[in-house]
Amino acid sequence: MKGLPIRRAAVLGAGVMGRGIAAHLAGAGVDVLLLDIVPPGETRETKSARDAFAAGGLKAALKNRPPLFYDVADAARIEVGNFDDDLARVAEVDWIIEVVKEDYAIKRALFEKLDALRAPGCLISSNTSGIPLALLTKGRSDDFRRHFLITHFFNPVRYMKLLEVVVGPETDATLVARFERFAREKLGKGVVYAKDAPAFIANRIGTFSLMYTANKMVEGQHSPEMVDAVFGPAMGRAKSAVFRTADVVGLDTLIYVTEGLYKALPNDTMRDSFKTPAFIQALIEQGHLGSKSKKGCYQKVGKAITTFDPYTLAYREQIKPRFESLGAARKIEDTGARIKAIVNADDDAAKFAWDCLAQTLCYSARHADAIAHDLVQVDNGLKWGFNWDLGPFETWDALGVAETTARMKAEGMDVPAWVDEMLAAGRASFYEGPLGRRTYWDFNRGEAVAERVSARTLYLPKSGDDPTLIKDNGGVRLWDIGDGVMCVESRTKMNAVDNHIIEMAHEVLARAGEFEAAVIANHHPAAFSAGANLALVAQAAAEGKWDIIEGVVDGFQKANLALREGDIPVVAAPFGLTLGGGAEICFGADAIQAHAELYMGLVEVGVGLIPAGGGCFSLLHNLQADGPDIDPVVYLKGAFMTIGMGAVSSSAVDARAKGFLKASDRVTMDRDELITAAKWHALGLARSDYRPHRDRQLKVGGRDGYATLRQALWGMVQAGQASAHDFTIGEKLIRVLSGGDVAYGATVSEARFMEMEKEAFMSLCGEAKTQERIAYMLKNNKPLRN
């Protein structure tokens with residue numbers, strides 16, 4: 001079944017959510033009519049004055065950080081207007097999205113007008129965060145009700161995967177299925193089907209967890225720093241943890257949701273958990289609402305961060321809590337195993353973690369049937385809407401359902417009967433089987449049910465015992481993903497580049513006679529590859545083992561060249577952080593199938609080095625136009641600024657603009673479909689007129705280009721904009737990018753470029769200040785300027 005053909009949409013309301021939705025739709029290629037009310041007051045004679053609120057929303061979207069648009073040029077797809085003059089134009093669109101004030105009377109009046117104006121068959125939805133669908137559609141026409149959904153986006157719309165969908169009893173089932181496919185493939189959203197219950201799924205469980213934790217903190221006289229140390233990455237939660245998350249959301253917004261839940265849930269046994277703690281109320285009364293007011297649970301003062309003390313109700317210096325349980329857990333990479341280790345420890349942090357987590361798991365289980373159609377929706381809602389690594393039921397599985405349930409009951413917690421019934425039926429966990437082929441326990445039917453997965457989603461097995469495994473060298477696995485395609489999956493920390501990936505690249509070439517194509521991909525949540533293994537470089541440099549470093553560089557260069565010059569096409573599928581050597585792996589492929597959220601860059605200068613895996617040549621090659629009359633110095637300048645400034649793309653579109661992607665490279669919106677898309681791309685190349693890319697050459701700036709840029713760089717040093725060591729690095733980078741000691745306009749081969757990259761890289765490794773930069777990055781995870 002094809003996705004819904006949505007080419008034009010009307011977004012009604014240009015506030016934070018409305019403009020975020022409009023920007024995301026525009027980035028997905030949808031033309032948008034963005035409307036808002038006419039500003040009150042006397043100056044309303046001109047159309048532009050009457051459109052001021054919508055125009056202001058668009059302007060705010062363009063200024064937003066992080067960026068709401070993949071490319072600012074997409075803003076041209078958004079046309080602004082107002083409800084008085086332009087509402088009738090909703091008849092021109094395929095989808096109307098209501099995002100006005102969360103007030104039933106306002107929404108009802110607007111829907112009454114839209115019912116008369118919209119074209120028959122036009123999809124209409126509300127972004128309400130909790131007004132019942134039955135109320136929103138009350139009194140509306142049959143066609144309106146058949147085409148109505150609640151589509152609850154999460155903010156910021158571009159970055160939050162979750163889209164909660166509530167379907168009415170009269171909503172057309174085919175429309176729902178086609179909309180889900182559109183949302184997944186074109187918008188990159190993870191659709192979760194919620195029941196028509198207060199706050200739906202993610203906010204119901206997520207805000208319960210947050211508010212229970214905040215109130216429990218006050219009860220136990222703990223510090224916000226301790227709470228955020230516990231409920232951050234250590235427990236598989238976002239880095240913003242509890243109180244930084246509250247600041248980002250906005251304390252007023254958070255309390256609006258929780259107070260609404262308190263009123264809407266009179267029979268909830270944990271209702272008091274939604275009450276506002278006194279210290280948050282004090283912050284709100286002082287106008288300290290979080291990030292938007294520059295003050296909240298935390299406040300930045302110069303370079304320091306201060307904490308609002310929940311007991312003195314004043315800001316103070318931050319403290320750094322240390323707990324044995326958290327320290328030990330840092331060594332555990334697997335999220336489930338790490339959480340289990342923490343909650344089974346015996347210090348204060350562990351006890352606090354257990355209580356808050358266990359209550360959240362019980363609450364999720366008790367209310368799952370009221371808010372969701374199955375437990376998969378609950379888990380996905382929390383993973384995609386609150387950035388949890390594991391959903392509640394996946395977490396429970398990781399802890400061990402039987403033993404954890406027994407502990408909960410011993411401590412007087414309310415575990416619902418259906419969990420006991422599952423255990424009694426001989427089922428030891430909520431999920432069984434590998435991703436893509438999992439079954440889950442259906443709490444309504446009392447039996448295991450196969451999880452519904454898109455046919456376009458391909459999961460690489462977690463187990464090394466899977467029969468599709470071709471080879472595992474300890475850091476990289478090679479899989480047979482069907483249809484004659486291999487997949488290279490890195491499994492090092494942050495998928496750092498080392499000898500494992502080099503070895504596997506040659507394994508791919510050795511098996512070219514058995515397969516048609518290969519892809520390079522992995523399932524890391526945030527990083528395709530964060531770059532080279534700096535620890536290896538630092539240790540070898542400290543010990544003077546230059547042959548080790550040179551061997552890795554030489555092997556990496558040869559592997560990248562060999563992949564691109566091999567007999568089968570290779571497609572890289574980058575996403576998220578794709579830095580340094582990770583970017584160069586992609587350059588070594590024949591083509592790239594990138595996720596829309598791609599933060600790609602050659603950032604080696606930040607640690608006192610330059611790219612040495614072919615990155616200098618490949619970026620210059622991507623940037624340089626064809627033709628006999630080109631000026632290579634123009635492209636030399638562009639490549640130098642990109643590498644020299646350590647520029648990182650803000651999206652796949654931006655990566656193409658910066659030269660990291662070619663015009664022929666492709667972009668996938670849905671991360672879950674990225675490997676499948678890369679596989680199809682590779683097969684498309686294999687089954688057409690694929691020819692290896694051999695003997696690539698470039699017209700270079702030579703000595704003239706080198707002299708021009710070297711002089712400009714020296715000017716930056718003289719002006720205090722660059723250090724002496726920056727000049728050392730930059731001068732070597734310019735020499736490589738200009739093609740070496742050759743004449744302007746000379747042609748230089750890729751192999752020669754790689755020789756120059758290696759020479760410069762090795763020379764810089766021997767510099768004390770480069771070694772200082774590497775050591776500082778490894779220790780502090782940020783660059784040193786020395």
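The values are calculated or read from the model by the stated rules, or taken from the named source; none is laboratory data. Since we're looking at a predicted model, the values are computed, not measured. Backbone-built Cβ (ideal geometry, glycine too); neighbour counts: all protein chains shown. Side chains are part of the model used for accessible areas, which takes the heavy atoms of the whole protein and leaves out ligands, DNA and RNA. Shrake-Rupley method; radii C 1.70, N 1.55, O 1.52, S 1.80 Å.
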### Message
Pairs of alpha-carbon atoms within less than 8 angstrom and 6+ residues apart define the contacts here; what relative contact order does the chain have, in percent?
### Response
8
### Task
Determine the per residue accessible area of the stretch 677-738 with all protein chains present and a 1.4 angstrom probe, expressed in square angstrom.
51
### Message
For the chain, take the longest principal axis of its alpha carbons; what is the angle in degrees between that and the long axis of helix 674-686, to the nearest 10 within 0 to 90?
### Response
40
### Query
Pulled fully out, how much extra length does the chain show between Arg407 and Lys113, if you take 0.36 nm times their separation in residues and subtract their Cα-Cα distance?
100.3 nm
#### Entry: Set Lys47/Lys138; Lys63/Lys295; Lys300/Lys769; Lys101/Lys186 screened for pairs whose C-alpha atoms are more than 25 Å apart
Lys47/Lys138; Lys300/Lys769; Lys101/Lys186
## Note on the structure
Taking Cα atoms, the helix 104-117 axis meets the longest principal axis of the chain at an angle in degrees (rounded to 10) of 70
### Query
In the chain, what percentage of the DSSP-assigned beta bridges are antiparallel, given to the nearest 5?
45
### Query
Is the chain best put as rounded, prolate or oblate by its Cα gyration tensor, with a ≥ b ≥ c the root eigenvalues, rounded for a/c under 1.5, and otherwise prolate when a/b is larger than b/c, oblate when not?
prolate
### Summary
As a percent rounded to 5, the proportion of antiparallel DSSP bridges among beta bridges in the stretch 448-556 is 60
### Query
How far, in nm, would the chain grow between Ala314 and Glu92 when pulled straight, counting 0.36 nm per residue and subtracting the alpha carbon separation?
74.5 nm
### Summary
Regression test value, accessible area per residue of the stretch 449-571, probe 1.4 Å, units Å², expected 43
## Note on the structure
With the 1.4 Å probe rolled over protein heavy atoms, the stretch 230-277 has an accessible area per residue in Å² of 44
### Query
So if R0 is 35 Å, what FRET efficiency would Gln286 and Lys351 give, r being the distance between their Cβ atoms, rounded to the nearest 0.05?
0.60
### Task
Could you compute the FRET efficiency for Leu469 and Ala264, with r as their C-beta to C-beta distance and R0 at 56 Å, rounded to 0.05?
0.65
### Task
Distance between Cα centroids, the stretch 663-714 to the stretch 168-189: provide it in whole Å.
35
### Query
Label Ala328 and Ala278 with points 7 Å out from Cα along Cα→Cβ: what is the distance between them in nm?
3.6
### Query
Hey, any idea what % of the stretch 425-508's accessible area is carbon plus sulfur with a 1.4 Å probe?
47
### Message
Suppose R0 equals 25 Å. What FRET efficiency, 1/(1 + (r/R0)^6) with r the Cβ-Cβ distance, do Ser749 and Phe727 give to the nearest 0.05?
### Response
0.35
### Task
Could you tell me the accessible area of Arg184 in Å² (1.4 Å probe, neighbours in place), rounded to the nearest ten?
40
### Task
Along Cα→Cβ, 7 Å out, is where each label goes; now give me the distance between the ones at Arg694 and Glu767 in nm to one decimal.
3.8
### Message
Treating only the Cβ of Lys, Arg, Asp and Glu as charged (+1, +1, -1, -1), what charge dipole size does the stretch 114-209 show about its Cα centre? Round to the nearest 20 debye.
### Response
300
### Message
Can you compute the modelled spin-label distance between Ile106 and Ser664, with each label point 7 Å from Cα toward Cβ, in nm?
### Response
5.2
### Task
Would you mind telling me the share, in percent, of accessible area of the stretch 306-374 contributed by carbon and sulfur at probe 1.4 angstrom?
49
### Query
If you average over every viewing direction, what projected area does the convex hull of the Cα atoms of the stretch 518-625 give, in nm²?
7.5
### Task
Please report, as a whole percent, how much of the solvent-accessible surface of the stretch 652-753 comes from carbon and sulfur atoms (probe radius 1.4 Å).
49
### Query
Once the piece of chain linking Ala177 and Asp483 is laid out straight, how much longer is it, given 0.36 nm per residue of separation minus the C-alpha distance between them?
107.4 nm
### Query
Pairing the Cα long axis of helix 251-264 with the longest principal axis of the chain, what angle in degrees results, from 0 to 90 and rounded to the nearest 10?
40
### Task
Might you work out the accessible area of Val93 for me, using a 1.4 Å probe with all protein chains in place, and round it to the nearest 10 Å²?
10
### Query
Counting each DSSP H run of 4 or more residues in the chain as -39500 (n - 2.57), what helix-only mean residue ellipticity at 222 nm follows after dividing by all residues, to the nearest 500 deg cm²/dmol?
-13500 deg cm²/dmol
### Task
Within 10 Å, count the other beta carbons around each residue, average over each peptide in 642-649, 200-207, and list them highest first.
200-207, 642-649
#### Entry: Cα-based shape type of the stretch 427-525, given that a ≥ b ≥ c are square roots of the gyration tensor eigenvalues and the cut on a/c is 1.5
prolate
#### Entry: Cα gyration tensor shape of the stretch 331-462, rounded if a/c is under 1.5, else prolate or oblate by comparing a/b with b/c
oblate
